[in-house]
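What follows is a set of notes on a single structure, which appears directly below.
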Amino acid sequence: MTKTVGVIGGMGPAATLDFLDKLHHATGAVEESDHLRVITDNNPRHADRNAAMVADGPSPAGLLAETARGLAAAGAEFLVMPCNAAHSWAADIIAATPLPFVSMIDAAVATVVAAVPEARIVGLLAVEATQASRIYHNGFEAAGIAVIAPDMAAFMPLIYAVKRGDTGPAVRAAMAAQAQLLVEAGADVILAACTEVPLVFAPGDIAAPVVSATDALVGATLAAARSLSG
């Protein structure tokens with residue numbers, strides 16, 4: 001038996017569904033019963049992570065902790081969260097329950113290091129909250145890898161467009177252009193470190209290695225569900 005996954009979702013809802021779809025297809029199930037049991041709270045009411053981090057907006061910490069407790073009460077045996085920026089408040093989630101919490105940040109950093117071992121600079125396609133909290137900077141710098149960021153004035157409108165449901169050709173082209181600018185600035189690898197990014201950008205869109213933090217969390221979730229099984 002595998003352990004039951006609790007997903008702290010809704011940031012944003014489409015990104016959570018993307019994570020769940022990728023988790024479903026990565027499971028390698030032969031029979032219906034081979035799939036993981038997944039309990040998801042796809043709640044879009046969490047306070048804006050960017051406003052909380054860079055504009056003195058309300059903190060999402062309380063609702064994140066409440067969501068964690070709700071998932072634990074519903075039967076989750078470990079927790080994951082397909083939102084990079086919300087990991088800035090991971091300590092509040094960890095403190096809320098005794099359940100293991102699988103870090104998307106740790107998973108993504110480990111994936112980049114394994115996939116592109118020669119990388120010395122990562123281009124971080126991540127929102128303001130993620131950049132400001134330095135949750136990725138700290139992980140990569142410990143591995144001897146520098147981080148460069150896109151122009152937030154150009155990048156953030158693309159993320160909010162995706163959150164509004166715009167995944168059309170113009171947004172896709174603009175996201176690829178943002179990644180390409182990071183490559184031209186010296187990035188050896190691009191990390192899609194906002195869960196909206198993979199909705200409009202994928203490996204192959206530029207001529208450089210691309211790692212998706214969503215995919216990294218999928219792999220870490222499967223590993224945790226199986227390794228934690230009793």
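The values are calculated or read from the model by the stated rules, or taken from the named source; none is laboratory data. Nothing here was measured: the structure is a model prediction, and the numbers come from that model. Please note: Cβ atoms are built from the backbone with ideal geometry, for glycine as well, and neighbour counts cover all protein chains shown. Only protein heavy atoms, including side chains, enter the accessible area calculation; ligands, DNA and RNA are left aside. Shrake-Rupley method; radii C 1.70, N 1.55, O 1.52, S 1.80 Å.
Can you spot a residue in the stretch 115-128 that is farther than 17 Å from Ala179 by Cα, open to solvent by 20 Å² or more (accessible area, probe 1.4 Å) and free of Cβ contacts under 8 Å to residues at least 24 places away in the same chain?
Within the stretch 115-128, one or more residues are farther than 17 Å from Ala179 by Cα, open to solvent by 20 Å² or more (accessible area, probe 1.4 Å) and free of Cβ contacts under 8 Å to residues at least 24 places away in the same chain.
How about the stretch 30-71: which of its residues are closer than 22 Å to Val218 by Cα, small (Gly, Ala, Ser) and free of Cβ contacts under 8 Å to residues at least 12 places away in the same chain?
Correct list: Ser33 only.
Hey, among Ala192, Ala225, which residue is under 20 Å from Ile159 (Cα atoms) and touching a residue at least 24 places away in the same chain (Cβ under 8 Å)? Write out each step before concluding.
Numbers: Ala225 fails: under 20 Å from Ile159 (Cα atoms).
Exactly one residue qualifies, and that residue is Ala192.
Can you tell me how many residues in the stretch 211-230 are open to solvent by less than 20 Å² (accessible area, probe 1.4 Å) and not in a strand (DSSP E or B)?
9
Name the residues in the stretch 156-172 that are closer than 25 Å to Ala115 by Cα and either more than 20 Å from the chain's Cα centre (by Cα) or polar (S, T, N, Q) (or both), would you? It would help to see each step written out before you state the result.
Let us first name the residues in the stretch 156-172 that are closer than 25 Å to Ala115 by Cα, namely 172.
None; the set is empty.
Considering only strands (runs of 3 or more DSSP E) fully contained in the stretch 120-204, which possess at least 2 residues that are in contact with a Leu (Cβ under 7 Å, 6 or more places away or on another chain) and either among the small types (Gly, Ala, Ser) or closer than 25 Å to Leu23 by Cα (or both)?
Numbers: elements: 121-125, 146-148, 189-192.
Of the strands (runs of 3 or more DSSP E) lying wholly inside the stretch 120-204, those with at least 2 residues that are in contact with a Leu (Cβ under 7 Å, 6 or more places away or on another chain) and either among the small types (Gly, Ala, Ser) or closer than 25 Å to Leu23 by Cα (or both) span 121-125, 189-192.
Could you look through the stretch 38-70, keep only residues that are among the charged types (D, E, K, R) and in contact with a helix residue (DSSP H, G or I) (Cβ under 9 Å, 6 or more places away or on another chain), and pick out the one that is most open to solvent (accessible area, probe 1.4 Å)?
The selected residue is Arg45.
Could you tell me whether the stretch 196-210 includes any residue that is within 30 Å of Val5 (Cα to Cα), open to solvent by 10 Å² or more (accessible area, probe 1.4 Å), aliphatic (A, V, I, L, M) and without any contact (Cβ under 8 Å) to a residue 24 or more places away in the chain?
yes
(1) within 19 Å of the chain's Cα centre (by Cα); (2) among the hydrophobic types (A, V, I, L, M, F, W, C); (3) open to solvent by less than 20 Å² (accessible area, probe 1.4 Å): which one isn't true of Ala76, the others all being true?
(1)
Taking the options Ala161, Ala154, Ala143, name whichever one is over 14 Å from Val197 (Cα atoms) and surrounded by fewer than 20 Cβ atoms within 10 Å (Cβ to Cβ).
Ala143
If a residue has to be open to solvent by less than 10 Å² (accessible area, probe 1.4 Å) and of a type in the set (Val, Ile, Thr) to count, how many in the stretch 85-104 make the cut?
Count: 1.
Exactly one of (1) in contact with a strand residue (DSSP E or B) (Cβ under 8 Å, 6 or more places away or on another chain); (2) in contact (Cβ under 8 Å) with a residue 24 or more places away in the chain is unmet by Ala107. Its number?
Condition (1) is where Ala107 drops out.
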